[in-house]
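Please read the structure below before turning to the comments.
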Amino acid sequence: MPKTLNIAVIGAGTMAQAVHLPVLRRRWDRFAVTALVDHSPRRRRESSEVWGIGEEARYESVADLIAAVRAKSVSVDAVVLSTDGLHVDDLLQLMKRGLPILVEPPLGYSEDEIARVADFERMTGRRLVMMAYPQQYDDSVSRMAEQIATKDLRMVDHEVLMPASQPLFGGAHVTTSSYDLPSEVRAQRRTNLQAAVVAGSGDGATQRDRDLYVKGLLTGVAHQLAVLEAVYGPVARLVAVRHWPKGVIPGSLELLGELEGGAQVRLVWHYLPFAPEYSETIEVLSARRRMQVELPAPSHGDRRSTVSLREKKAGVVQETSTTAAKGSAELMWEAFHAFVEKGTLPYSGAAEAQTQVALLREVLSTIVVADGRSLEAEPTDEDPSDEETASEDSADGGSTDGPDTTDGTAADGPGSTPDGSSMMVTAPAAVATAAGGSDEAPGGSGATADVAGAVAASDGSDEVDGVDGVDGVDGVDGTDGADGADGADGTGMTDDAEQSHRAGAAEPSHRADDADPSHRADVVADTTAASASEATAASPAADTTAAADAGAQPANEPADDSESKLLPADPVVNAWVVPARQNGDTTEGSDPETPGDRPEDPSRP
């Protein structure tokens, strides 16, 4: 008979209460919860009362738990770590005690951070970390390679529709988030988390880049990569990347990749805050077979995945469908039991997490470079005489390099005239009224729009408000951050990031002519009214973008999340972006600000 493992639950947030604790209670024959750790007194008390954990088994910190283990006042065989993304320090303390750990993603935000864990495992010669990706262990996912082998694989198409937290966790009756920590403790945790995110995304990343990295890539696409890796192996080469709508975070992400054997992979992840339900579909093609897998969210423990196979036999098309006997979360915990007791290796551990975060950093870099920026910090030491000259040129009607736009992209480049000046046009008031009071116009600055480099306007909705306003994500202050972008994979976000998104704000703009207070007048290119009118007519998207800026809400007022703002996007989305090659040669992709050939279907949710 299998041994009953004594489990310590660290972090009593959404994922712990909606996924892990229900399984641990249901599988009393394999597991017993002997300790619960949470830094919030209120959440520690409320969750312990709900799940029947005695007061003597409640601890405030990992250090307190380890001290109790040393004193033999509590018995712990393994740990589930479901706190926010700052896992590494707690992990190393637990690993030094030889405790196996099931870790909620992300393990860390940078390669260097995760390397500390991977290096410790290599030093000890024993794997102690298993990543908590439930769908990796789903029966339907396990059958995929049995039905279509890797050598016969032609294409894998994996799409996820992610709603807000209510459809995912509404039935779990999770205790509310608690903010009863001392202000200095909260501030320190926020600072540490922000530093980790900056280290992972790069010093040159804007706040929007960092939020896309955390909410879209590390918690959304990372889950899809983990499922793919469990069946057919990791993505060997990144082919192209796409992110849309422009300026909406996390929005939608699409990746094209290639497996080791040459089979193609397409991963699509949508954050749709007002979608009625979670949806995850995998379609696999070979020369003779077509397979489709439907995966429910791990928090829906009573739902089961299905796999359908269509093929032609004796001239007749046959379809077979199979339903899994157990939920993915329960199967993951069975795999963790085998990992602890028998040493059975997991699909994903520290080494796999390190490789994955490197790929996701490459994805983010590809998106940012296509926007004309870099994740690396730009040099700040400038010659004061050059700055003074630039201010004098501005006063004389000349053009400097151009102000930075609110999303961090430079306003020169495609919007410059042949003589180097920037052609700008003010949006008419009528157009600004027609824009519908959009929270923000991505890539715009003030109430002007770059004529020659006009881009497709946003659809008028600000999904960022759906992320934070609906979900209440705060992995720093008393939650595991899982109620945000991904039902299976939690993330922590700083309060600064949330406040930035609630206001629809981006990085502050810095104008070169601000160097001299006497020359603060806006610089507009010396063009005739006729040429400006002609340029505006030739680029309606510019008017729309400028109008959205003119109708933007003040930064200190919350954006409107009403469904009336969810208008269909322009038939223009970011064109495919091809990442730079490893040998240093850059493959020219489509201009991300040029209308693409893949219009968005307004009939889709």
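The values are calculated or read from the model by the stated rules, or taken from the named source; none is laboratory data. Model, not experiment: these values are computed from the prediction. Glycine also receives a Cβ, built like all others from the backbone with ideal geometry; neighbour counts cover every protein chain displayed. These area figures cover heavy atoms from the full protein model, side chains too; ligands, DNA and RNA do not enter into them. Shrake-Rupley method; radii C 1.70, N 1.55, O 1.52, S 1.80 Å.
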Put VAL69, VAL265 in order of accessible area, largest first, 1.4 Å probe: what do you get? VAL69, VAL265
At GLU319 and ASP180, where each label point lies 7 Å from the Cα along Cα→Cβ, what is the point-to-point distance in nanometres? 5.3
In the calculated pair distance distribution of the stretch 200-327, what percentage of Cα-Cα distances lie above 22 Å? 49
Among GLU258, GLU56, GLU121, what's the order by accessible area (1.4 angstrom probe), most exposed first? GLU56, GLU258, GLU121
Could you tell me what a quarter of the Cα convex hull surface of the stretch 27-77 works out to, in nm² with one decimal place? 3.7
Per-residue SASA entry for SER75, accessible area with 1.4 Å probe, Å² rounded to 10: 60
Per-pair calculated FRET efficiency, R0 = 56 Å: THR4 and GLN264 via Cβ, rounded to 0.05: 0.80
Mean separation of Cα contacts under 8 Å (6+ apart) over length of the stretch 217-259, as relative contact order %: 36
Whenever you get a sec, line up TYR347, TYR213 from highest to lowest accessible area (probe 1.4 Å, protein heavy atoms). TYR347, TYR213
Mind jotting down a quarter of the surface of the convex hull over the alpha carbons of the stretch 155-236, in square nanometres, one decimal? 8.5
Average projection area in nm² (convex hull over Cα atoms of the stretch 83-154, one quarter of hull surface): 6.8
